[in-house]
1. Name the residues in the stretch 209-226 that are more than 23 Å from residue 121 (Cβ to Cβ) and open to solvent by 30 Å² or more (accessible area, probe 1.4 Å), would you?
2. Just name the residue that is nearest to residue 803 (Cα to Cα) out of those in the stretch 883-897 that are open to solvent by less than 30 Å² (accessible area, probe 1.4 Å) and within 52 Å of the chain's Cα centre (by Cα).
3. Quick one: which of 163, 116 is small (Gly, Ala, Ser), part of a loop (DSSP other than H, G, I, E, B), touching an Asp or Glu at 6+ places or on another chain (Cβ under 9 Å) and open to solvent by 20 Å² or more (accessible area, probe 1.4 Å)?
4. Does the stretch 728-746 contain at least one residue that is out of contact with any helix residue (DSSP H, G or I) (no Cβ under 6 Å at 6 or more places or on another chain) and of a type in the set (D, E, K, R)?
5. Which of the residues that make up the stretch 800-841 are closer than 26 Å to residue 587 by Cα, of a type in the set (Gly, Ala, Ser) and more than 44 Å from the chain's Cα centre (by Cα)?
6. Those residues that are assigned to a strand (DSSP E or B), of a type in the set (A, V, I, L, M) and free of Cβ contacts under 8 Å to residues at least 60 places away in the same chain, I need them from the stretch 125-151; list them, please.
7. Just to verify a result, which residue in the stretch 265-282, among those that are crowded, with 19+ Cβ neighbours inside 10 Å and within 30 Å of residue 221 (Cα to Cα), is farthest from the chain's Cα centre (by Cα)?
8. Given the criterion touching a Phe, Trp or Tyr at 6+ places or on another chain (Cβ under 7 Å), in contact (Cβ under 8 Å) with a residue 24 or more places away in the chain, farther than 30 Å from residue 343 by Cβ and surrounded by fewer than 20 Cβ atoms within 10 Å (Cβ to Cβ), identify the matching residue among 433, 444.
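The values are calculated or read from the model by the stated rules, or taken from the named source; none is laboratory data. In this text the structure is predicted, and so the values were computed from the model without any measurement. Cβ sites come from the backbone with ideal geometry, for glycine too, and all protein chains shown count toward neighbours. With ligands, DNA and RNA removed, areas are computed over all heavy atoms of the protein, side chains included. Shrake-Rupley method; radii C 1.70, N 1.55, O 1.52, S 1.80 Å.
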Amino acid sequence: MFKIKQFVILITSVAFLLVTLTSCSAGADEEALKKVNIGNEQLPQGELFIDQITILSPGNYTLGETISISVNFNKAATLITGAPRLELEIGSSSVFADYISGSGTDEFIFEYVVSASDNDSDGISTLSPLDISSATIQDDQANDLTSIFNTSNFPSVLVDTQAPSFSSITLPNNNNYITDDTLSFAVTFDENIVITGTPRIELQLDSGNVFLDYKSGSGTNTLIFEYTITSSDNDPTDGVLLSSTIALNGGTIKDGAGHDANLAITSGDTSGIKITNDIPHTITFSINSGASATNQTSTTLSITASNANEMYITTDASCSSGGSWQAYATSHPWTLSSLNSVNNVYIKFRTVTLYESECLSDDIIHDDIAPTAPTISLNSDATTSASDSFTLASADGTGSSIAGYEVAISTSPAEADILPGANYTPFMSASYQYTGVTLTEGEQYYLILKTIDAAGNETITSSNSWYVLAPPNKINNLSLVERTTDSIKIAWTTPDPNGPAITGYQIDYKEGVGNWQTITASHTLTDFTHTGLTPDTEYSYRVYATNGAYNSESSNILISQTLPDIPIFQSNYLAVNVGGATSCRLVSLEDGNSFEHNGVPIAGTFNKTDTHSFTCAQFDTIEATGKFFVAGRRSDSNSTSASKNANIVWSPTSWVGKSFLFNHTRQSVSNISVYAYTDSDIEITRNGTVVTSASLVAGTSTTLTVSTYASYELNSTGYILAYMMAGTGSDHVDPKPLLPTATDIIGFPSTTGNITTAASSNSVTIYNSESTTQATTLTAGTTYAHKVSGNKNLYDTQATRIISDVSIPMIGNSTADSNGYCAAPFVPTALMKNSFGINTNADYVAFTSLSPAIITVIDGSDGSTSTITLTRTTNEDNVPYRAYLSSNIASGTVFESPDKFQAWYQPNNNSASGDEDETVLFGW
């Protein structure tokens, strides 16, 4: 037993001796000042009490050893009678230390002799009070001892009277062990023990007994014993046996109290711990180097086995049939017998002395069916990076699991078009992005996916296309649609997005010479109405297209002006007879419509397809509560000759302007009728040179004349409507309204289309609905004659769209067809509408649009409906669509579509119309 002789644990009364101090002011209880607190009791000053308790020799105690305890008082005390005792708690038991000496001093000594049943591993405790039931202890004033004190634990005073015993053993794993393997056994006792020397445990083997030597664990409760197998050891069948006793081998096994350990142990079941140096061992066996699947029937077995002389290969799981013993080899060919199924192969080995190994197996799936490829889900239909990322839906391995994927980038869904430098790259995750390749902005690409199963079968599939984003093309045809006193409506066509669809538009404006401001950065339509504006004020507009990643360059700058705040511009549905028709007819394009002629109501309410004929004069007005169309016949000679009659379409207020273009190509003169809504100084120029001019006050009109075949500019300082007609006397040739100029116009050339610009050089591209694209340059003062191939008769011809490449305005018109004396204007694409109607029976109606519009035709004779779809023969961008109706279309027929389109017609009679004159329709 080891004891610390000089270590003293002192329990003072500081923790529990409290002097109660009260106020020293007058009237304080003097008796209270003479008392002290002991535990929960208050004692008078000068009383005898226990001051501290000390274990004189802390340490480990065992059977028969004496524990000495010092009890100190606050002053000298005398044992008057009897034998006091000090109660101790050892483990879970209560015992008493007896008084030994100290009477007449301030220290009494108590002792306790350890018995066989005592054990305490966390320290003994002293228990209050001191047992003086049969004793009297007093001070020199005859004050009796107060026996209470605070109970204390002494963790450095331990009691151990028991010898350590075996608790459990941990064996090596059941296995076959060979030379140089180490067998390790862990023996656990019921308490910590200390080892000296090298105790050991005998291990019984078939080849002769050996010993497990102690390796580690002293100071803990678990000892490790080990043995390293040598080549002469062997116990292959029933397992090793462990002795039931630890041999000290000259050493010791004791606990901290010096008790010798009980050396008996229980070994447990060691039958699975075998030493197999005499049978084949260290065996590895695999089919095709461990592959899980193959699409071939011929395979190779890879084999290793130490101490093997022969091997037995079979498909029998017991290794007892189906094969034969053959010389051991490290490689062996094997043919699979189960197609598209799991194949199991079994093998065992034996030595020269005919010791056999256990039966081992491996399996492989035969699978020659191509896997089902997963669906490729692109994360975007457009990217700004080198490649799109994607995810894969689950795939069916069809017999063997998917082993991996390879992906490449192609310009088509075909593997043959894989890009150089974008070849197959392997990956295994459910999502991936191909990197390290440079792609071209605006181009379309595909991912080519190779799905490979564990057997090596492949399936090739492709994704949908995606684009590498580039900025959209700029908008070149920002145009005025209509304007009021407090609003301006602008429109444009969707530019080439250079990949995926346009996602929106940014619209900027400025008032006069002010600063640009953004109205909206995410407009989704191709027209916009700016409201809340000041009358008769100039506004400028520009538009940017975005594809979600890039903005285009700015569009052409459109400068427009709100209309002055005068009555004619305050109506939503109004048209003016600028061309001078004298016999007119209107058609209502919606139900419940009401009309006024020059401010006088027309009797009745009109529904869709209803018509009304009336006598009219130049500059008359028709105002309605809803959509309508009106036109009439002008004949100054009452002749029925086509050349003497003109079909005059009235002009809606959306055709009001200050700058116009026209060309004079037939007859000796062309007369331009002008009506001024505000005071206007008017000039007609040819390539900037003034040809004729006039000044008008608001509400007056004039007719200006040109006689040279050429292109002309008509400019006014105020707001005007203008109408042109060639011929002298009673001849009325090429009657047509002057429409606003635009950078993007659409129409039918008929025999020849005449195109005019005001710029010295205007590069344009001409797109025909059924032929190739053309490019040319327009020059101010001259007319470009555009001809199309194929049928040119009665507007049953190719539709033509003309776009300025440099955003310079222009106009165009057809030349009279095979039976007529009229030319009809091309229309700015921004002025296309959704609803049109004809006011008289017609030979034909021709339609064009920028989309494959489906038009509903509501027959003016019986109200029946049908549809017509616009088509084109090429899918090239910007090419217009067209359709054509013929065979006596009834007066009052209405045409409607959710898509914007434009229409022209030719009357087939002179009743409130000009027979055989192709004419543009205005719509809403």
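1. First pass over the stretch 209-226, keeping only residues more than 23 Å from residue 121 (Cβ to Cβ): 209-216, 224-226.
Correct list: 209, 211, 213, 214, 215, 216, 224, 226.
2. 883
3. On the way: 116 fails: touching an Asp or Glu at 6+ places or on another chain (Cβ under 9 Å).
Residue meeting the stated conditions: 163.
4. Yes: one or more hits.
5. Residues satisfying the conditions are 814, 816, 820, 823, 824, 837.
6. Applying the first criterion (assigned to a strand (DSSP E or B)) to the stretch 125-151 yields 125-131, 136-138, 144-146.
Now drop any that are not of a type in the set (A, V, I, L, M), which leaves 127, 130, 137, 145.
127, the sole residue that qualifies.
7. 265
8. Numbers: 433 fails: touching a Phe, Trp or Tyr at 6+ places or on another chain (Cβ under 7 Å).
Sole residue among the options that is touching a Phe, Trp or Tyr at 6+ places or on another chain (Cβ under 7 Å), in contact (Cβ under 8 Å) with a residue 24 or more places away in the chain, farther than 30 Å from residue 343 by Cβ and surrounded by fewer than 20 Cβ atoms within 10 Å (Cβ to Cβ): 444.
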